[in-house]
Amino acid sequence: MSASLFENFDLKGLSLKNRTVMAPMTRCRAAEGDVPTELMATYYAQRSTAGLIVSEGTPVSPRAHGYLWTPGIYTQQQIEGWKKVTTAVHDAGGKIFLQIWHVGRISHTSILPDDSSPEGPTSELSDETVCFAFDDEGNPGNVATSQPQALDEAGIKRVKEEFVQAAVNAIKAGMDGVEIHGANGYLFDQFINPVINTRKDQYGGSLENRCRFLLEVVEAVGNKIGFDKTGVRISPNGRFNAIPEDPQLENTFVYLCSQLDKLKIAYLHINDQATFGNPAIPDGLLAVLRKAFSGNIIVCGGYNAERAQQALQEGIADLVAFGVPYLANPDLPARLENGWPLTEADQDTFYGGDKHGYTDYPYYSE
């Protein structure tokens, strides 16, 4: 019997009511202190129709931020705020992983502690990237990223510890697991890319060295909270946040996926950035990565019901994530299954604001 998007699924012992996943999406609606709010709890509970929710990217420390009003997971207040979210989601019959995040060089001094510099694999500035921070007049908006400083090995050790503590905090907050954000041009993606990462130490140069940081973090997190509660997101061939083309693309990601396979993580989440207007994952690469990684795979990026079913039936994926469609359609699985029309999301309300364009999208009604 072919796999169906609408049947239940066992994710390393976590029972999911269907194979749809709500993809992680930044919404910039945290309260002062980057604390999750009751409004956020409502938003996620409404979308508990998904088999699995992956939360918006959640910085692991004050220095991990790259955008205003993104919720953190490093203070007790933030943990208490996320408890409201997990309680609401679980009461609605949903399951949720927290995406834990460090933006690397994609940040600005105005939103970092003591006006410090962003941290990345090197001190090279990308002149093509912006982040959501304060401009010279103190107004929020998209501003050019600041000059980064290269993480030394002590800094890398600190960041690893911050990810482990963030994962522990997520479990304390009631999360069913965590997803380590290794995609979309943020910290780990910067280390993985051979054009950006020109380091000469054990975290740069060779393929093994470039993947070392992410793999060490995954192993440390898995050892602490359980590999069955640890997922990883990657974006092969992604160019978001000025990631250059990887001349060793297939070798890089086959190696990374094969190493993650050995760790027996909960899932691998593969994001195709073609819907961002970036190059797609090359034809055939998903099948190659499927051979390298034998565990659960989530695919994401421009899927509709038909493409999702095809990915499941071909065995390329075990679950399919939906991003923008979930913003305006909290009952997305029912709409896909029944062929009901989808509401179009209001792009003006994607980042920041109140309940408008956030929790006021209705379920389908004839």
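Annotations for the structure displayed:
- Residue list for the range 1-56, restricted to those being of a type in the set (Val, Ile, Thr), assigned to a strand (DSSP E or B) and within 21 Å of CYS300 (Cβ to Cβ): THR20, VAL21, ILE53, VAL54
- Restricting the range 80-101 to residues that are of a type in the set (A, V, I, L, M, F, W, C) and part of a helix (DSSP H, G or I) leaves a set whose member that is farthest from the chain's Cα centre (by Cα) is ALA88.
- When GLY104, GLY141 are checked against the criterion of being assigned to a loop (DSSP other than H, G, I, E, B) and closer than 24 Å to PHE350 by Cα, a single residue qualifies: GLY104.
- Restricting the range 191-224 to residues that are surrounded by fewer than 18 Cβ atoms within 10 Å (Cβ to Cβ) and within 18 Å of HIS181 (Cβ to Cβ), the residue that is farthest from the chain's Cα centre (by Cα): LYS224
- Test: residue in the range 239-249 that is farther than 26 Å from GLU128 by Cβ and either surrounded by fewer than 21 Cβ atoms within 10 Å (Cβ to Cβ) or free of Cβ contacts under 8 Å to residues at least 60 places away in the same chain (or both): no
- Looking across the range 164-189, the residues that are of a type in the set (A, V, I, L, M, F, W, C) and surrounded by fewer than 24 Cβ atoms within 10 Å (Cβ to Cβ) come down to VAL164, VAL168, ILE171, ALA173.
- Here MET175 meets each of (1) under 23 Å from THR86 (Cβ atoms); (2) in a helix (DSSP H, G or I) with one exception, condition (2).
- Top-ranked residue in the range 312-340 [being among the charged types (D, E, K, R) and in contact (Cβ under 8 Å) with a residue 60 or more places away in the chain; ranked as surrounded by the fewest Cβ atoms within 10 Å (Cβ to Cβ)]: GLU337
- Residue within the range 142-160 that is surrounded by fewer than 14 Cβ atoms within 10 Å (Cβ to Cβ), among the basic types (Lys, Arg) and without any contact (Cβ under 8 Å) to a residue 40 or more places away in the chain present: yes
Each reported figure results from applying straightforward, stated rules to the coordinates on display, with no laboratory input. The model shown is predicted, which means the values in this text are computed figures rather than measured ones. Positions of Cβ are generated from backbone atoms using ideal geometry, with glycine treated the same way; all protein chains shown enter the neighbour counts.
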